[in-house]
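A.B. asks: Sharing a structure here in structure tokens format.
The values are calculated or read from the model by the stated rules, or taken from the named source; none is laboratory data. The model shown is predicted, which means the values in this text are computed figures rather than measured ones. Cβ placement follows ideal geometry from the backbone for every residue including glycine, while neighbour counts extend to all protein chains displayed. Remember, those area values only see protein heavy atoms, side chains included, never the ligands or the DNA or RNA. Shrake-Rupley method; radii C 1.70, N 1.55, O 1.52, S 1.80 Å.
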Amino acid sequence: KTKLDLLITSPPYVTSYEYADLHQLSALWLGFAEDYRTLRRGSIGSLYNDFNFQNEVKRLNKTGSRVVFSLFDKDKSQAKAVAKYYLDMQEIVEKVSQIVSPAGMSIFVIGDTEYKSVRIENAKHLVESLFVSGYNKVYATKRKISNKILTPYRDSIGRFTTDSTGRCVYSEEFIIVGQK
């Protein structure tokens, strides 16, 4: 099989939206799915997938485990969603590692967020996942996001809002480069 020299992707951000719901119309229209439920089952971090938190949480890397259990006492449902997302991302990084050539690179664009005063460290989790999956060098840089279409604000209980007096989230993102 041919391996890739370069892979570039921007995975969904945890605690944002159910991505399958956002993209179901275009996926159905373009013929990528016959049924939106099928699309949900294959989406990163979707809680529509079967997930046994008690058994699966043991597979989280150190960063993922720390973030999930920091959130657990504040919101068990969101903690489980973050755990599912992080486990899916760990699996994706492992698969990417297998399809990228030995001299290849993988580039991810991802952002951190905060939920109920817990920092959701997506970038750090991803960096750790890359090292665990066999990447020898990992570089990260931060960039400020401007001209964002979707609202970057959350209200006092964590819901997205257009009110600019709300807490700003997703004001920056990270570009993470893994080199084998």
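A.B. asks: Keeping all protein chains in position, work out how much accessible area THR141 exposes to a 1.4 Å probe, and write it in Å² to the nearest 10.
C.D. replies: 70 Å²
A.B. asks: Report the Cα centroid-to-centroid distance between the range 60-86 and the range 101-117 in angstrom, as an integer.
C.D. replies: Cα centres, the range 60-86 to the range 101-117: 17 Å.
A.B. asks: Continuing with the same structure: Roughly how much of GLU173 is accessible, in Å² to the nearest 10, using a 1.4 Å probe?
C.D. replies: 20 Å²
A.B. asks: Of LYS3/LYS116; LYS76/LYS180; LYS84/LYS144; LYS116/LYS180, which pairs sit farther than 32 Å apart, going by alpha carbon to alpha carbon?
C.D. replies: The answer is LYS3/LYS116; LYS76/LYS180; LYS116/LYS180.
A.B. asks: Take LYS116 and LYS1, extend 7 Å from each Cα along the Cα→Cβ direction, and tell me the distance between the two endpoints in nm.
C.D. replies: 3.9 nm
A.B. asks: Return, ordered by residue number, the residues of the range 98-126 whose backbone nitrogen is under 18 Å from a label point located 7 Å along Cα→Cβ of GLU91.
C.D. replies: Inside the label zone: 98-99, 126.
A.B. asks: I've got another one for you. Need the full-extension length gain, LYS137 to ALA103, defined as separation in residues times 0.36 nm minus the C-alpha distance. One decimal, nm.
C.D. replies: 11.1 nm
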